[in-house]
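Undergrad: The following block contains the structure, expressed as structure tokens.
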Amino acid sequence: MQQPKSIKVLFICMGNICRSPMAEALFRHHVEQAGLQDRFVIDSAGTGGWHAGERPHHGTIAVLERNGVAVGPQRARQVRPSDLHEFDYLIAMDQENLADLRHFGTDGARQAQLLLDFDPQAETREVPDPYYTGGFEHVFRLVDAGTQALLAQIREREQM
């Protein structure tokens, strides 16, 4: 029997040290809890490259650890043009990230979506950047709900 194709999900924020690595870790956590880790490739990236090579922000690491979610060996990187073709789901944290992706002009970039669009119960459509405002707990709650809703929608679409 042929192994099903991996579903590739890329989470995107501005610098890839706060929101997108949090989303990557939470989505991976939910996928593992569902026993679906062999079906997914999960990554994150930033629209800017100024934090490339850095570990996630200490606030992101702290809130994930407090909630029992493994951070893993993540290192910040910038979105590559090839990402826009290789990933099935391009998930941006806010409208600015979405607009930055769409400047690439590819079909993949045009299909990018906001994380919180997957959660009809979300109080907002954008995940605020805690790098400037703090509020890592609030961001964690938004991202947790959004990644759970994203996984549910993918499972339904892919009949998993």
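Bear in mind these aren't lab numbers, they're just calculated from the coordinates by the rules spelled out. If you're wondering where the values come from, they're calculated on a predicted model, not measured in any experiment. Here the Cβ positions follow ideal geometry from the backbone for every residue, glycine too, while neighbour counts run over all protein chains shown.
Undergrad: Based on the alpha-carbon gyration tensor of the stretch 1-90 and its eigenvalue square roots a ≥ b ≥ c, which shape applies: rounded if a/c is under 1.5, prolate if not and a/b is larger than b/c, or oblate? Don't skip to the end; give the middle numbers.
TA: Details: a/c = 2.77, a/b = 1.20, b/c = 2.31.
It comes out oblate by the Cα gyration axes.
Undergrad: Same structure again: Report the Cα centroid-to-centroid distance between the stretch 105-160 and the stretch 13-40 in angstrom, as an integer.
TA: Measuring centre to centre over Cα atoms gives 11 Å.
Undergrad: Now a separate question. Using a 10 Å cut-off around each Cβ, can you sort Asp38, Asp83, Asp129 from fewest to most neighbouring Cβ atoms? Kindly include the intermediate steps, with their values, before the conclusion.
TA: Working: Asp38 9, Asp83 21, Asp129 18.
So the residues, fewest neighbours to most, are Asp38, Asp129, Asp83.
Undergrad: Still on this model: What percent does the relative contact order of the chain come to when contacts are Cα pairs within less than 8 Å and at least six residues apart?
TA: Details: 292 pairs, mean separation 41.7, N = 160.
Once normalised by length, the contact order is 26 percent.
Undergrad: Taking the Cα centre of the stretch 74-136 as the origin, how large is its charge dipole in debye, to the nearest 20, when only Lys and Arg (+1) and Asp and Glu (-1) carry charge on their Cβ atoms? Kindly include the intermediate steps, with their values, before the conclusion.
TA: On the way: 6 positive and 12 negative charges, 53 e Å.
In debye, rounded to 20, the stretch 74-136 gives about 260.
Undergrad: Which of these, Gln95, Gln121, Gln37, has the largest mean-square fluctuation under a Gaussian network model of the chain (Cα springs below 10 Å)?
TA: Sorting by GNM fluctuation, first place goes to Gln121.
Undergrad: May I pose another question? From the helices alone, meaning DSSP H stretches of at least four residues, give me the mean residue ellipticity at 222 nm for the chain, per-run term -39500 (n - 2.57), in deg cm²/dmol to the nearest 500.
TA: Working: 7 runs with 67 residues, N = 160.
My calculation for the chain gives -12000 deg cm²/dmol from helical runs alone.
Undergrad: Ok, one more. So how much slack lies between Ala70 and Ser82, counting 0.36 nm per residue of separation and subtracting their Cα-Cα distance, in nm? Don't skip to the end; give the middle numbers.
TA: On the way: separation 12, 0.36 × 12 = 4.32 nm, distance 2.73 nm.
Between Ala70 and Ser82, full extension yields an extra 1.6 nm.
Undergrad: Give me Rg/Rg_expected for the stretch 41-117, where Rg uses Cα atoms only and Rg_expected = 2.2 N^0.38 Å with N residues. Please list the in-between numbers first.
TA: Working: Rg = 13.4 Å, N = 77, 2.2 N^0.38 = 11.5 Å.
Expressed relative to 2.2 N^0.38 Å, the Cα Rg reads 1.17.
Undergrad: Where the only charges are on Cβ atoms (+1 Lys, Arg; -1 Asp, Glu), what is the dipole of the chain about its Cα centre, to the nearest 20 debye? Walk me through the intermediate numbers first.
TA: Working: 16 positive and 22 negative charges, 63 e Å.
The dipole magnitude comes to about 300 debye.
Undergrad: Sticking with this structure for a sec: For the chain, what number results from the quotient of the Cα radius of gyration and 2.2 N^0.38 Å?
TA: Cα-based Rg divided by the globular estimate yields 0.96.
Undergrad: Within the chain, what's the longest run with no trypsin sites (Lys or Arg not before Pro) in a DSSP loop and at most 15 other beta-carbon atoms within 10 Å? Give the range, please. Show your work: numbers first, answer last.
TA: Working: sites that count: Lys5, Arg75, Arg125.
That would be 6-74.
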